[in-house]
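Step one of this worksheet: look at the structure below.
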Amino acid sequence: MTAPVRVLIVDDDALVRAGLTMILSGAEDIAVVGEAADGSEVPAAVAAHRPDVVLMDIRMPRVDGLTATESLRGRAGAPEVIVLTTFDADEFVLRALRAGASGFLLKDTPPVEILHAVRRVAGGEAALSPTVTRQLIAHVAAPDPGGTRRRALTALEQLSERERDVALLLGQGRSNAEISAELFMSVATVKAHVSRLLVKLDLNNRVQVALLVHDAGKA
């Protein structure tokens, strides 16, 4: 029997934590193993509860979710992070994704979609639909005075043709199964390509690959 996905909830609003706990605890394959009320509590909570996924509020009073995500994802063996926000155009969401978050959820997301997002991220996918990805990046992406596009293009050039095909589909927000069907390869082969992409590009998840593709103007 597969072990349940272990989730840590980080939010300064006790009602939000209670609501998320109630939603997640109703699923047999997900277990809420702990809570934290501020980003400053995250390191100790992760060490104590060993979650697979952290639901991280962005706006907290002492240490915000962005800072906490950057610190957490910089560690070896870090859990996946889904950031929580009130608005999908929150200026910090893109920064959190660049820092290593695997996706984001609006706080009014329907319960079934929250469960789906946690399962996707725990399985190595991203909790970002293609539509949301395009809207978010178009809304908050900054101009490029520092040569971001040139650096991104250079990074993509080091990939093999097949790896580049996979990267471009990641940039469209495609799942492993969708990439498998598009490129006529097994899901296991897609996963292997994604793993190699992360090593070659020195990135830590597929969302960062998608953002790199966008930076290169290939999305």
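The values are calculated or read from the model by the stated rules, or taken from the named source; none is laboratory data. All figures in this text were calculated on a predicted structure; none of them were measured in a lab. Cβ atoms come from the backbone with ideal geometry, glycine included; neighbour counts cover every protein chain shown. In case anyone asks, the SASA skips ligands and DNA or RNA and just uses the protein heavy atoms, side chains included. Shrake-Rupley method; radii C 1.70, N 1.55, O 1.52, S 1.80 Å.
Positive-end ranking of Val63, Val33, Gly123 along the dipole of the chain, with charges on Cβ about the Cα centre, is headed by Gly123. When +1 charges are put on Lys and Arg Cβ atoms and -1 charges on Asp and Glu Cβ atoms, the dipole computed for the chain relative to its Cα centre reaches about 720 debye.
Entry comment: accessible area of the chain is 49 Å² per residue, from protein heavy atoms only and a probe of 1.4 Å.
The 1.4 Å probe gives accessible areas that order His116, His49, largest first, as His116, His49.
Within a straight-line Cα-Cα reach of under 24 Å, Lys191 can be paired with the following lysines, leaving aside sequence neighbours fewer than 8 residues apart in one chain: Lys200, Lys218. Of the complete DSSP H runs in the chain, those spanning 18 angstrom or more by Cα along the long axis with a mean Kyte-Doolittle score not below 0.5 are 187-201. Per atom type, the chain shows carbon and sulfur on 55% of its accessible surface, probed at 1.4 Å.
Accessible surface ranking for Val7, Val112, 1.4 angstrom probe, highest first: Val112, Val7.
Look at (1) 37, 30, 13; (2) 43, 17, 14; (3) 28, 20, 15: the one that is semi-axes √(5λ) of the Cα gyration tensor in Å derived from this structure is (3).
Counting only DSSP beta bridges with both residues in the chain, the antiparallel share comes to about 0 percent.
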